[in-house]
1. Any idea which of 126, 80, 85 is at positive phi and surrounded by 16 or more Cβ atoms within 10 Å (Cβ to Cβ)?
2. Hey, among the residues in the stretch 196-212 that are assigned to a helix (DSSP H, G or I) and within 15 Å of the ligand (Cβ to nearest atom), which one's nearest to residue 350 (Cα to Cα)?
3. Mind checking which residues of the stretch 131-150 are farther than 19 Å from residue 104 by Cα, surrounded by fewer than 22 Cβ atoms within 10 Å (Cβ to Cβ) and in contact with an Asp or Glu (Cβ under 8 Å, 6 or more places away or on another chain)?
4. Looking only at residues that are in a helix (DSSP H, G or I) and β-branched (Val, Ile, Thr) in the stretch 109-155, which one is nearest to the ligand (Cβ to nearest atom)?
5. Looking at the stretch 175-185, can you tell me whether even one residue there is away from the ligand (no atom under 14 Å from the Cβ) and in contact with a strand residue (DSSP E or B) (Cβ under 9 Å, 6 or more places away or on another chain)?
6. List pairs: first in the stretch 250-263 and closer than 19 Å to residue 282 by Cα and of a type outside the set (Lys, Arg), second within 8 Å of the ligand (Cβ to nearest atom) and not in a helix (DSSP H, G or I), Cβ under 6 Å, 6+ apart or cross-chain?
7. For the stretch 69-96: of the residues being without any contact (Cβ under 8 Å) to a residue 40 or more places away in the chain and in a loop (DSSP other than H, G, I, E, B), which is nearest to residue 395 (Cα to Cα)?
8. Name the residue, out of 422, 338, 393, that is touching a residue at least 24 places away in the same chain (Cβ under 8 Å), over 16 Å from the mean Cα position of the chain (by Cα) and either part of a helix (DSSP H, G or I) or outside the structural domain of residue 316 (by TED's automatic domain parsing) (or both).
Amino acid sequence: MLRTNFRFEKDTRSISYSSVVLDLKLLKAPLQKEQELQIHHTSQTRRVSRDGSRPNFCYGVRRRERAQMGVKRLGIGLVGSGFMGRSHAFAFNAVGQVFDLPFRPALAVLADRDEAIAAEAAGALGFERAVGDWRRLVDDASVDLVAIAAPNRFHKPIALAAFEAGKHVYCEKPLATSLADARAMVEAAERSGRVGLVGFNYLKNPIIALAREMIEAGEIGALVAFRGIHAEDYMIDPDAPHSFRTEPEGGGVLMDLGSHIVSLARHLVGPIEEVSAMAATVHESRPADGARRTVPVEDHGHLVARFQNGALGALSANWLAPGRKMQLEFELTGTRGTIAFTQERFNELRVYAAGDPPGRGGFKTIVAGPDTPPYGRFCPAPGHQLGFNDLKTIEVAHLIAAIAGEEAPSPDFREGYEVQRTVTAALRSAKERNWVRVDGV
Ligand SMILES: NC(=O)c1ccc[n+]([C@@H]2O[C@H](COP(=O)([O-])OP(=O)(O)OC[C@H]3O[C@@H](n4cnc5c(N)ncnc54)[C@H](O)[C@@H]3O)[C@@H](O)[C@H]2O)c1
């Protein structure tokens, strides 16, 4: 029942009364159709975008209501148990304790490259069964969702087989090893009617949701420029061996790290229309199978870009930047302000807004807390900080809400394809030494 006691908070652009928050549909829909209004109970005020889009996190309904409705099991099949596989497992284990969800993830099957590795990982991560061949996982009736955390060249065959078997797919970035493969994956996802989500987890940061909200609200004016970089130093040693990251197809720093900064640029500014890029290989050979083999991909790449909305950009990716551990960083210039961010301090947003008195202006630092949802799901105290695996947990909460039809999957496979297309245009530009239109590749 709707009752009074509404409080319209202009500053946060949300409506709340006591502990009940109303979906934005209330702002748009006439109130007479009470049964159509979705009321979400939450202990926090929910932020909503001015354009009416739902933010990328789910609140769902209260745990008690879920219990009454009956929470269904969602069988998880995880392929790969390395860096990302462990992060996926962490998120699937944690998500039910943090969010109220329509499905209860059950860690059903883990696949790795052989039985022994899979069995050891399944035991450590809490999976019911282990298999040494991902095809058996895809065909397993207890698996509803296939999570792909294996090297890039496996993304396409696993995703196509999973959609064909009627499963939902959660695929790590980059979506594929080539644009043609990425297109085939989008087509398979859309044909299947199942959910496909790509693991661009940095988009799920509550402080990035705030940045997007500020941009949409016009708080820094019209967007003028985006300066972004993703630099780390894990390939700085010339003796760091070849891996899937240095394979000619789907490898290279622009695919590996560049895809993250491109996805952030698209998320905040919009589609990129054309690019001009340069790329270089610093360590020309690396060890493989007891010998040194030529490195066929770039170690660093840099591009200038024109966005569809007229903003200009400069983006870099570098995996041999000494001292840089997680420099996923951007500065966004608007006509009336600036937003700056670095993933190394990812609970903070630095904002400059014009209009302060002379001599009193400067950047302020906004620190994440319960006012930047869904932070409060993890911790009631501001400034205590989320960690990397919490972003993965938010991503998995959104994925489960999408599977239940409560939210539109984002970034979906089509968005993964668009990121891949932008990176492919940059690689082509670097090779041909000219400007390349993204819609032309
Ligand atoms: N979203 C992010 O922030 C992020 C971060 C790192 C990596 N990634 C992506 O995650 C994926 C995995 O990267 P990683 O760093 O976890 O690599 P990793 O090398 O740490 O792990 C890869 C796993 O896949 C397994 N594997 C190899 N061949 C297999 C096969 N034939 N069948 C099943 N499993 C197999 C390996 O044994 C290992 O367990 C890549 O696509 C990468 O780009 C995403």
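1. Criteria check complete, one pass: 80.
2. Filtering the stretch 196-212 for residues that are assigned to a helix (DSSP H, G or I) and within 15 Å of the ligand (Cβ to nearest atom), the one nearest to residue 350 (Cα to Cα) comes out as 208.
3. Selection gives 132 alone.
4. Among them, the one singled out is 117.
5. no
6. Pairs that qualify, where the first residue is closer than 19 Å to residue 282 by Cα and of a type outside the set (Lys, Arg) and the partner is within 8 Å of the ligand (Cβ to nearest atom) and not in a helix (DSSP H, G or I), are 255/174.
7. Residue satisfying both the conditions and the ranking: 71.
8. Just a single option satisfies the conditions, and that option is 422.
The values are calculated or read from the model by the stated rules, or taken from the named source; none is laboratory data. In this text, all values refer to a predicted model and were calculated from it rather than measured experimentally. Reconstructed Cβ throughout: ideal geometry from the backbone, glycine too, with neighbour counts over all protein chains shown.
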